[in-house]
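Quick notes on the structure that follows.
What follows is calculated from the coordinates using simple rules that are stated; it is not laboratory data. Please read all numbers here as calculations on a predicted model, not as lab measurements.
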Amino acid sequence: MIKTNEKMHVHHKGSWAEKIAHAWLLEKGYLVFESDVGPIDMVAYNTKTKEFLKIDVKYLPYRLPAPDRNKLCQSTRPKTPFQIEHDVKFITVDEKGNCKII
């Protein structure tokens, strides 16, 4: 997996994280449809389970020890009312390209 560069601008890290999440979902058997605007970054469809996921991708740097990273994402980047209403999931992508659905 390609890692980020510490000197990379924060907006570039977000774009990088979306591409990593896209590839990760493809590896898991999802078809992925990206959005350029709004509270949903992508919609993924699992062809085996027929499951749809609405996703907002979050870049998650290593500022805290592993157990606290997802807490950081949930507390500093809470879901919007729209995301809550529409069951949007966060996919976090860390600096090493590891992905997790939270």
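Between GLU27 and GLU51, what length comes free when the chain is fully extended (0.36 nm per residue of separation minus the Cα-Cα distance, one decimal in nm)? Present the calculation step by step, with values, prior to reporting the outcome.
Working: separation 24, 0.36 × 24 = 8.64 nm, distance 1.53 nm.
7.1 nm is the gain from fully extending GLU27 to GLU51.
Given their separation in residues at 0.36 nm each and the Cα-Cα distance between them, LYS79 and GLU34 gain 14.3 nm when the chain is fully extended.
Report, in listed order, any pair from LYS13/LYS48; LYS28/LYS54; LYS50/LYS96; LYS50/LYS89; LYS13/LYS50 with a Cα-Cα distance greater than 26 Å. The partial results should precede the final answer.
Numbers: LYS13/LYS48 31 Å; LYS28/LYS54 15 Å; LYS50/LYS96 30 Å; LYS50/LYS89 17 Å; LYS13/LYS50 31 Å.
Going by Cα-Cα distance, LYS13/LYS48; LYS50/LYS96; LYS13/LYS50 fall outside the 26 Å limit.
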